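Worksheet: the structure to be examined is printed underneath.
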Amino acid sequence: MNCTRDRLPASITTDRLMLTTPTLAHVPDIALLANNRRIHEVMSRLPFPYTEVDARFFIEQIVPSEEEQCYAILHEGTFMGIVGLTFAEGRVPELGYWLGEPYWGRGYATEAAHAVVAAARQAGFPALRSRALLDNAGSRHVLHKVGFIEIGEDVDKAGTLAGRTVMQVRLEFER
């Protein structure tokens with residue numbers, strides 16, 4: 001069990017958002033919003049088409065795994081997307097997120113990412129990493145706004161982005 005991961009809060013409240021554990025009640029909204037080619041094209045682990053079966057698998061298998069800390073992004077009770085951290089042995093956690101297209105351009109992704117970064121800092125993580133496609137200016141801008149520094153380009157080796165060039169980013173926390 002990852003002791004540092006266990007120090008992350010079960011839910012996080014920001015000025016506009018509630019970040020909480022995704023549940024089966026979110027399945028229809030997850031499937032509706034994630035079944036979008038524009039989201040699929042920038043995500044390394046999101047199948048397309050995305051169905052309620054995929055959303056149920058996410059809730060039942062991915063969310064409770066020790067390798068993930070997932071939060072549903074809610075605004076006034078409305079599901080908007082997912083933000084969280086992925087844990088891999090020997091690596092700092094990776095921040096990942098997606099937001100339903102109707103909610104793009106309003107600062108929600110930045111607010112959610114900032115909240116998870118602050119929680120990770122508070123939990124004692126030494127650093128975080130993330131990545132975004134070179135041509136995904138929106139995501140790269142979100143990562144920059146929450147403090148990540150671009151450290152270099154790489155070619156994704158697995159998932160739906162295999163063979164595509166991504167910008168690796170990292171955020172070191174002061175000790």
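Computed quantities for the displayed model
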quantity	calculated
ARG37, sole failed condition from (1) out of contact with any helix residue (DSSP H, G or I) (no Cβ under 8 Å at 6 or more places or on another chain); (2) surrounded by 14 or more Cβ atoms within 10 Å (Cβ to Cβ); (3) not hydroxyl-bearing (Ser, Thr, Tyr)	(2)
From ARG106, ARG170, residue being among the charged types (D, E, K, R), touching a residue at least 24 places away in the same chain (Cβ under 8 Å) and out of contact with any helix residue (DSSP H, G or I) (no Cβ under 8 Å at 6 or more places or on another chain)	ARG170
Matching residues, the range 3-35, being out of contact with any strand residue (DSSP E or B) (no Cβ under 9 Å at 6 or more places or on another chain), of a type outside the set (Asp, Glu) and not in a helix (DSSP H, G or I)	ARG7, THR14, ASN35
Flag for ILE62 being of a type outside the set (Gly, Ala, Ser), within 24 Å of SER139 (Cβ to Cβ) and touching a residue at least 40 places away in the same chain (Cβ under 8 Å)	no
Filter result (within 16 Å of the chain's Cα centre (by Cα) and either modelled with pLDDT under 95 or of a type outside the set (A, V, I, L, M, F, W, C) (or both)) within the range 39-58	ILE39, HIS40, GLU41, VAL42, MET43, SER44, ARG45, LEU46, PRO47
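The values are calculated or read from the model by the stated rules, or taken from the named source; none is laboratory data. These numbers were taken from a predicted model, which means no experiment stands behind them. Positions of Cβ are backbone-derived with ideal geometry, glycine not excepted, and every protein chain shown enters the neighbour counts.
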